[in-house]
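So the structure is just underneath, and the comments pick up after that.
The values are calculated or read from the model by the stated rules, or taken from the named source; none is laboratory data. As the structure is a prediction and not an experimental result, all values here were calculated from the model. Here the Cβ positions follow ideal geometry from the backbone for every residue, glycine too, while neighbour counts run over all protein chains shown. In case anyone asks, the SASA skips ligands and DNA or RNA and just uses the protein heavy atoms, side chains included. Shrake-Rupley method; radii C 1.70, N 1.55, O 1.52, S 1.80 Å.
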Amino acid sequence: MTEQRHDAQALGGAPTITAAEISARLDRLPMARVHYMLLFAGGLGFMFDAMDGAVVAFILPDATTEFGLSGGQTGILASSLLVGFLIGALAAGIIGDRFGRRRVMMYALIIYSVASVAAALAPSFELLFSARVVAGIGTGAESAIIAPFLAEFVPSRLRGKFVGSLAGFFAFGYVAASLLAYFVVAGVSHGWRWVQVITALPIVLLLWWRRALPESPRFLQSRGRMGEARAVVELIEDRVRRSTGTELAPVAETDFKDPPPVSNGSVVGNVGALWRSGMARITAPTWVYWFVGVFCYYGFFTWLPTLLLRQGFGVAKSFSFTTLIYLAQIPGYYIAAFVSDKLDRKWTIVLCFIGAAVSAMGMAYAGDATGLVIWGMWLSFFMNGNSALWYTYTSEIYPTEVRATGLGSASAFGRVGGILAPILIGFWYAGIGFTGVMLMLMTVLVVGLLTIAIFGRRTAGMSLEKIRETTIPGPAVPARRRRA
């Protein structure tokens with residue numbers, strides 16, 4: 001048992017607490033040091049996950065040369081991380097709703113760090129592919145669990161900025177990967193191997209996470225662990241009180257009643273709940289949204305350095321252009337995160353899809369290197385604005401007892417798109433060329449735009465419990481509360 005758990009138990013009070021009480025008590029808190037600590041801790045996890053994923057794009061040219069890979073094999077290797085991501089995201093959601101978010105975060109980090117070292121040492125294409133798949137399981141689990149975990153702590157009025165800013169750390173990971181590619185992959189003998197060793201270093205985060213991160217009180221309450229849930233809420237309140245030096249505002253009165261659970265708490269029950277009655281109207285468009293977003297994201301960013309090389313740019317110039325395009329991710333993430341609390345998540349997503357589709361068409365018909373980079377930066381900006389909202393939006397629309405399962409399964413389905421995109425581009429590039437690739441991405445983006453515009457839900461400014469009440473009407477499944 002960690003020091004954090006002891007700390008929470010020491011502050012324990014009454015043995016029961018309702019979801020409504022948790023919501024009211026956490027929503028009244030000002031942003032304080034504890035919230036920024038959670039943001040930074042989760043953000044570093046996202047950053048290193050993105051760095052590990054982006055590195056695959058930069059090791060492809062050297063790995064292809066060293067192992068004598070065909071275009072199809074290169075595409076398969078590019079998709080290795082996504083294969084693991086699919087498995088990891090789905091498993092993390094299911095396990096996270098059953099045994100806890102915090103535990104999944106830590107084990108996922110271990111898996112991905114160890115597998116990254118194994119990939120660096122791989123003597124063959126087959127072993128490199130296998131190690132990258134296992135690394136993908138770790139990063140997929142990490143990415144799928146961090147957002148729902150942190151969304152359950154932050155006040156509803158700031159959730160879009162908070163979770164969107166969390167996703168913004170992905171951009172720093174991509175920029176770090178491009179810099180490592182420039183200085184290590186392109187500048188050091190066997191650099192493509194050394195860079196994978198560097199991506200394993202985040203394992204040291206465990207030393208901090210074990211001591212600093214409490215379990216989500218909403219998860220604990222949904223599993224019937226009332227005393228622990230109350231203790232964590234009191235711990236958060238105490239830390240806010242101490243860091244701000246002021247007394248907390250009184251807890252607001254609420255007429256919200258805890259709804260009956262949508263699942264009986266079992267793994268099968270949680271997965272089945274996603275497609276039951278009102279939940280199916282959430283799950284189907286959300287899965288399409290993730291498929292479209294991940295297909296285009298990985299189709300573009302995984303192949304970007306190689307596509308630029310095939311357009312006639314040298315390795316150094318290709319990597320330099322890629323770095324500029326990656327830098328546009330940073331404002332994309334944060335602007336979308338802040339706009340989404342004003343405009344609402346749904347319509348911010350729609351605007352990002354429109355901007356990305358227009359940018360893909362502009363890139364397809366760019367006449368020179370300058371136009372290619374400018375349109376590429378706009379495409380990066382809008383696609384990453386959209387990806388900042390994958391996690392915010394999906395963390396909101398599912399109730400606590402299946403939140404991780406909902407996000408994990410949507411993310412896993414999205415990774416099917418991420419797997420297909422690099423493979424299809426690898427096989428089709430010879431026939432459709434650069435312009436055809438970009439127009440294909442534009443068409444897929446329009447599908448996502450229409451899906452969210454027609455079926456998307458408004459969520460900004462509402463508590464997680466209120467969103468559950470307004471979007472998932474109908475009878476619930478009798479609860480079968482069990483300690484995880």
TODO: Keeping the other protein chains in place, figure out the carbon and sulfur percent of the accessible area of the chain, with a 1.4 Å probe.
DONE: 68 percent
Task: Convex hull volume per residue for the range 25-64, taking Cα atoms only, in Å³ - done: 66 Å³
Open item on the list: Quick check: the angle from helix 33-67's long axis to the longest principal axis of the chain, C-alpha only, nearest 10 degrees?
Closed with: 20 degrees
TODO: Give the distance, in whole Å, between the Cα centre of the range 15-58 and the Cα centre of the range 69-115.
DONE: 20 Å
Open item on the list: Could you order the peptides 228-238, 75-85 from most to least packed, using the average number of other C-beta atoms within 10 Å per residue?
Closed with: 75-85, 228-238
Task: Peptides ranked, highest mean first, by Cβ atoms within 10 Å: ranges 114-122, 185-193 - done: 114-122, 185-193
Open item on the list: If I take every Cα pair under 8 Å that is 6 or more residues apart in the chain, average their sequence separation and divide by the length, what percent do I get for the relative contact order?
Closed with: 28 percent
Task: Estimated vicinal HN-Hα couplings, Hz - the range 79-93 in sequence order (Karplus 6.51, -1.76, 1.60; Gly, Pro = x) - done: 8, 4, 4, 6, 4, x, 4, 4, 5, x, 5, 5, 5, 5, x
- [ ] Return the calculated 222 nm mean residue ellipticity for the chain, to the nearest 500 deg cm²/dmol, obtained by summing -39500 (n - 2.57) across DSSP H runs with n ≥ 4 and dividing by the residue count.
- [x] -25500 deg cm²/dmol
Task: FRET efficiency estimate (nearest 0.05) - Cβ-Cβ, Ser266 to Val197, R0 25 angstrom - done: 0.05
- [ ] Mind jotting down the distance between the C-alpha centroids of the range 202-226 and the range 346-390, whole Å?
- [x] 36 Å
Open item on the list: Counting heavy atoms of the protein chains only and a 1.4 Å probe, report the per residue accessible area for the chain as a whole number of Å².
Closed with: 36 Å²
Open item on the list: Between Arg241 and Leu207, what is 0.36 nm times their sequence separation minus the Cα-Cα distance? Round to one decimal in nm.
Closed with: 9.7 nm
Open item on the list: Please list, in order along the range 323-333, the HN-Hα scalar couplings obtained from phi with the Karplus expression 6.51 cos²θ - 1.76 cosθ + 1.60 (θ = phi - 60°), rounded to whole Hz, x for Gly and Pro.
Closed with: 4, 4, 5, 5, 4, 5, 4, 4, x, x, 4
- [ ] Just order 335-348, 126-139, 409-422, 201-214 by mean Cβ neighbour count inside 10 Å, highest at the front, would you?
- [x] 409-422, 126-139, 335-348, 201-214
Task: Among [x] 1.18; [y] 1.01; [z] 0.96, the entry that matches Cα Rg over 2.2 N^0.38 Å as calculated here - done: [z]
Task: Partner aspartates and glutamates for Lys466 [C-alpha distance under 17 Å; skip if fewer than 8 residues away on the same chain] - done: Glu21, Asp27, Glu152, Glu253, Asp255, Asp258, Asp341, Asp344, Glu396, Glu401
Open item on the list: For the range 27-120, I need the span (max minus min coordinate) of the C-alpha atoms along each principal axis, in Å, sorted largest to smallest.
Closed with: 59, 27, 21
Task: Local electrostatic count at Gly385 - Lys and Arg +1, Asp and Glu -1, tallied over other residues with Cβ under 15 Å - done: +2
